[in-house]
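Peer 1: Take this structure first; my questions come after.
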């Protein structure tokens, strides 16, 4: 029981450190939350190895891309040297949409495949689950008219986030997990397999 509590606290600290260090641009410490060999990140705008995600995030940070994270409730399933953690989160991004400054807030969960490595826990794969989002002009008196065709290209859970990011020049992946549907059911199955000792952390990410 003591080890389980220690592991759960360490996993929560790992997730907290990810958000604080990434949003602060503390790139050296941000690199330490990832498994050094197998770390993999999926986001609306990026899918690839952790080292490349860090580089892309740093470049965006240096060029004024404004993406912030806020964390809520946390749960972790621990089995030996593996764990799956889920953390309620919001992603907040500010950008310009057709000349109008706007904020998008997307609510969901971070779903993390973790393993014990060296002196602590590391993230092997992070897959956000996108549950719902909205977009608002920063100045509420400024009208914001969206292109319905572009908006409808993306799933309901992150369509406004994808809209803003597409307008900003990002290529946004469709079909990412939401609150319900085949994509999130597949993710849960991959998480269960990870705890059972699967050779991959789902999505082809090797263990």
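Peer 1: Determine if region 127-138 includes at least one residue that is in a loop (DSSP other than H, G, I, E, B), closer than 23 Å to residue 68 by Cα, out of contact with any helix residue (DSSP H, G or I) (no Cβ under 8 Å at 6 or more places or on another chain) and modelled with pLDDT of 95 or more.
Peer 2: yes
Table: residues versus (1) out of contact with any strand residue (DSSP E or B) (no Cβ under 7 Å at 6 or more places or on another chain); (2) outside any strand (DSSP E or B); (3) farther than 25 Å from residue 165 by Cα.
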| residue | (1), (2), (3) |
| --- | --- |
| 13 | yes, yes, yes |
| 31 | yes, yes, no |
| 73 | no, no, yes |
| 92 | no, no, no |
| 95 | no, no, no |
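Peer 1: Something else now. Considering only region 171-187, state which residues are without any contact (Cβ under 8 Å) to a residue 40 or more places away in the chain and either within 19 Å of residue 160 (Cβ to Cβ) or touching a helix residue (DSSP H, G or I) at 6+ places or on another chain (Cβ under 7 Å) (or both).
Peer 2: 174, 175, 180, 181, 183
Peer 1: Output the number of the condition that residue 161 fails; it satisfies all remaining conditions of (1) touching a strand residue (DSSP E or B) at 6+ places or on another chain (Cβ under 7 Å); (2) closer than 24 Å to residue 50 by Cβ; (3) at pLDDT 95 or above; (4) assigned to a loop (DSSP other than H, G, I, E, B).
Peer 2: (4)
Peer 1: Name the single residue that is farthest from residue 120 (Cα to Cα) among those in region 33-50 being assigned to a strand (DSSP E or B) and either touching a residue at least 60 places away in the same chain (Cβ under 8 Å) or over 15 Å from the mean Cα position of the chain (by Cα) (or both).
Peer 2: 47
Peer 1: Okay, next question. Checking residue 64 against (1) more than 13 Å from the chain's Cα centre (by Cα); (2) surrounded by 13 or more Cβ atoms within 10 Å (Cβ to Cβ), which test does it fail?
Peer 2: With (1) more than 13 Å from the chain's Cα centre (by Cα); (2) surrounded by 13 or more Cβ atoms within 10 Å (Cβ to Cβ) applied to residue 64, the lone miss is (2).
Peer 1: Next question. Being at pLDDT below 95 and part of a strand (DSSP E or B) is the filter here; which residues of region 98-119 pass it?
Peer 2: The one that is at pLDDT below 95 and part of a strand (DSSP E or B): 117.
Peer 1: Taking region 117-142 as the search range and keeping residues that are touching a residue at least 40 places away in the same chain (Cβ under 8 Å) and more than 16 Å from the chain's Cα centre (by Cα), which one is surrounded by the most Cβ atoms within 10 Å (Cβ to Cβ)?
Peer 2: Here the residue is 121.
Peer 1: Go through (1) within 13 Å of the chain's Cα centre (by Cα); (2) in a helix (DSSP H, G or I) and name the single condition residue 56 misses.
Peer 2: (1)
The values are calculated or read from the model by the stated rules, or taken from the named source; none is laboratory data. What you are looking at is a predicted structure, and each value in this text was computed from that prediction instead of being measured. Cβ atoms come from the backbone with ideal geometry, glycine included; neighbour counts cover every protein chain shown.
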